[in-house]
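Take a look at this one; I'll ask things after.
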Amino acid sequence: MVRQDWSDEDLVQQLKERNPDALETLIARYSRELYYFIRLILNGVGVAQDAEECVNDLFVAAWQEIETFDASRGTLRTWLTMRAKYIALDRRRQLCRRQVHAVQPAEENGQWAAADGSGGRKGNRWGGQEQENRVPLPPHPDTSMELLLEQNERREELRLALATLPELDRYLIYQRYFRFASTEELAAKTGLTRHAVDTRLWRARKSLREALKEYAHEYERI
């Protein structure tokens, strides 16, 4: 039974008491939002079912590990988001490795066939012709992918932090700092006063800084 009247604090307490209604309530309250987070991290890798399985894994982990939640370190939403992030990153790496292992043997076979199939021509005694025909294998794609994932870590954190903002604040941040809209333009587009735009931007920047600090703290713990 979903209990809409419970606060997040109530929800945490009920989860610790192993109340099944608490898990159902947690899923109803956060599954859609966290599914969206996970799709952002997977970003075109895999299929919708992979994101759904990540969400399932997340709520199983939340049920089993709720005792590790510490309200002094952040909100329940932040705690769930960090776990969703690392579950999704693990799934992304697994999917990338599967793609690499599926593609690489075919690429290697094609390259060696091209090297040997030169119209029946043999290489000279020093292997000169054979060396000319052979195409060097590229660096292992899996290593490159891991490197890219590490380089994109901060960008993923920023994107997740942005997604936690209210829709209007997210719009203002995007328009101001990614599209370089002026305060006057934002006021005209939203119907807010310039002072209100500046105030919301200041609060949004503060929220982003706090979220990024929390992500960094959680990353050090993991």
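The values are calculated or read from the model by the stated rules, or taken from the named source; none is laboratory data. If you're wondering where the values come from, they're calculated on a predicted model, not measured in any experiment. We place every Cβ from the backbone using ideal geometry, glycine too, and count neighbours over all the protein chains shown. Surface areas here come from the heavy atoms of the whole protein model, side chains and all, with no ligands, DNA or RNA. Shrake-Rupley method; radii C 1.70, N 1.55, O 1.52, S 1.80 Å.
Could you report the accessible area of Tyr86 in Å², rounded to 10, computed with a 1.4 Å probe on the protein chains as they sit in the structure?
Accessible area of Tyr86: about 30 Å².
Could you pull the Rg and Dmax for segment 1-94, using just the Cα atoms, both in Å?
My reading of the Cα-based Rg and Dmax gives 13.2, 39 Å.
Assuming 0.36 nm per residue, please report the length gained on full extension of the stretch Phe69 to Tyr171 beyond their Cα-Cα distance. Please report the intermediate quantities before stating the final value.
Numbers: separation 102, 0.36 × 102 = 36.72 nm, distance 3.10 nm.
That pair, Phe69 and Tyr171, stretches by 33.6 nm at full extension.
Label Arg209 and Asp21 with points 7 Å out from Cα along Cα→Cβ: what is the distance between them in nm?
Spacing of the two 7 Å Cα→Cβ label points: 4.2 nm.
Over segment 23-71, with the other protein chains present, what is the accessible area per residue in square angstrom, probe 1.4 angstrom?
On the way: 2530 Å² over 49 residues.
Per residue, segment 23-71 has an accessible area of 52 Å².
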